[in-house]
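The values are calculated or read from the model by the stated rules, or taken from the named source; none is laboratory data. Note that the coordinates shown come from a computational prediction; the quantities given were computed from them, not determined experimentally. Note: ideal-geometry Cβ built from the backbone for every residue, glycine included; neighbour counts use all protein chains shown. Note: areas computed on protein heavy atoms with side chains; ligands, DNA, RNA excluded. Shrake-Rupley method; radii C 1.70, N 1.55, O 1.52, S 1.80 Å.
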Amino acid sequence: MTVARVGDRRTHLAQSALEVLSETGYANTGVRDIAQRSSYSHGVLHYYFKDKSALILEAVRLFKTGCVERYDAAIDGVTTAAGVLAAFEERLVDSLVTDGRLHRLWYDVRTQGWFGSVDGAALAEIDALIEAMVVRVLDTYARLSGLRLRVEAATAYALVDGLFQRALQEHFQGDENAPRALVARVREAMPLLVG
């Protein structure tokens, strides 16, 4: 089997796993559960992934890479600070509402890294990918505003990530105002981040 075909098969298996994982979470999902809900056998999953953690990390990496690409595309070519902020807010709300279950999985998997259940270095790579995207958005907003980012990248990411995670929690608790609250909080935070 060619390297490209192996990569394609791994990608397909990881994408299949995302649906199951987003419904049941890390702790409640095993490789057998994923195999039962996909067109692949348990043995095939283990052939391509050494364990559940490797499969889940690949699934989350694929999802988060796609998210980053959508955020980058949303601000690509925007020529005003107000336009960048509007595009960013629109993406945040869409992510919250459309991909909420997958983001919830990300937070679940990231927490598992604290306990050694998931490869911390791989999680750090995914986190760095998201952080870089957040900083690109904020830097673009700042540049078009004639300002600069006032805090280090890690602080900016932690603040935006915390606001998103809070809104996600509210969304899953049935708060219909969660998307509007997220936008309001991001707007409130911008002067702290950019000045």
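Collect residues whose amide H, placed 1.01 Å from N in the peptide plane, falls under 5 Å from the amide H of V118; neighbours closer than 5 in sequence don't count.
G113
Could you go through segment 80-93 in sequence order and give the Karplus-derived ³J(HN,Hα) for each residue, using 6.51 cos²θ - 1.76 cosθ + 1.60 with θ = phi - 60°, rounded to whole Hz, and x for Gly and Pro?
The phi angles translate into 10, 4, 4, x, 5, 4, 5, 5, 5, 4, 4, 5, 4, 5 Hz.
Largest first, how would R10, R37, R70 line up by accessible area (1.4 Å probe)?
Working: R10 70, R37 130, R70 95 Å².
Per-residue accessible area, sorted high to low, gives R37, R70, R10.
Using Cα-only point scatterers and the Debye equation, what is log10 of I(q)/I(0) for segment 37-91 at each q in 0.15, 0.18, 0.25 Å⁻¹, rounded to two decimals?
Evaluating at q = 0.15, 0.18, 0.25 Å⁻¹ gives log10 I(q)/I(0) of -0.59, -0.67, -0.94.
If one computes P(r) from the Cα atoms of the chain, what percent of pairs lie at distances over 24 Å?
Working: 8349 of 18915 pairs.
Across the chain, Cα pairs with separations above 24 Å total 44 percent.
How many Å² of accessible area per residue for segment 1-104, probe 1.4 Å? Walk me through the numbers on the way to the answer.
On the way: 5170 Å² over 104 residues.
Heavy-atom SASA per residue in segment 1-104 reads 50 Å².
Show L85, L159 ordered by accessible area, largest first, where the area counts protein heavy atoms only and the probe is 1.4 Å. Mind showing how you got there, number by number?
Details: L85 30, L159 60 Å².
Solvent-accessible surface, decreasing: L159, L85.
Using a cut-off of 14 Å between beta-carbons, work out the net charge of the residues near V84 (Lys and Arg +1, Asp and Glu -1, V84 not included). Show your work: numbers first, answer last.
Details: positive: R91, R136, R143, R187; negative: D72, D76, E89, E90, D139.
In short, -1.
Taking GluC sites (Glu not before Pro) as candidate sites, keep only those in a DSSP loop with at most 13 other Cβ atoms within 10 Å, then name the longest stretch of the chain containing none of them.
On the way: sites that count: E152, E176.
Answer from the scan: 1-151.
I need the trypsin sites (Lys or Arg not before Pro) found in segment 81-170, filtered to DSSP loop residues with at most 13 other beta carbons within 10 Å of theirs. Don't jump to the answer; show the numbers that get you there.
Working: sites: R91, R101, R104, R110, R136, R143, R148, R150, R166; in loops: R148, R150.
In loop regions of segment 81-170 (DSSP not H, G, I, E or B), the sparsely surrounded trypsin sites (Lys or Arg not before Pro) are R148.
Would you pull out the residues with amide H under 5 Å of V194's amide H, same chain only if 5 or more places away, H placed 1.01 Å from N?
It is R150, by chain and number.
Quick one: putting +1 on the C-beta of Lys and Arg, -1 on the C-beta of Asp and Glu, what dipole do you get for the chain around its Cα centre, in Debye to the nearest 20? Don't skip to the answer; put the middle values down first.
Details: 22 positive and 25 negative charges, 51 e Å.
For the chain, the charge dipole is close to 240 debye.
How long are the semi-axes of the equivalent ellipsoid of segment 138-186, taking √(5λ) for every eigenvalue λ of the Cα gyration tensor, in whole Å from largest down? Walk me through the intermediate numbers first.
Values: eigenvalues 136, 31, 6 Å².
That gives 26, 12, 6 Å for the three semi-axes.
Using alpha carbon centroids, what distance separates segment 108-165 and segment 22-41, in Å?
28
Using only the alpha-carbon atoms, what does segment 29-68 span along each of its principal axes? Please give whole angstrom values in decreasing order.
32, 19, 16
Please give the helix 3-24 orientation as an angle from the longest Cα principal axis of the chain, in degrees from 0 to 90, rounded to the nearest 10.
The angle comes out near 80 degrees.
Considering the convex hull of the alpha carbon atoms of segment 106-168, report its projected area averaged over all viewing directions, in nm², one decimal. Could the numbers behind the result be given before it?
On the way: hull surface 18.6 nm².
For the Cα atoms of segment 106-168, the hull's average projected area reads 4.6 nm².
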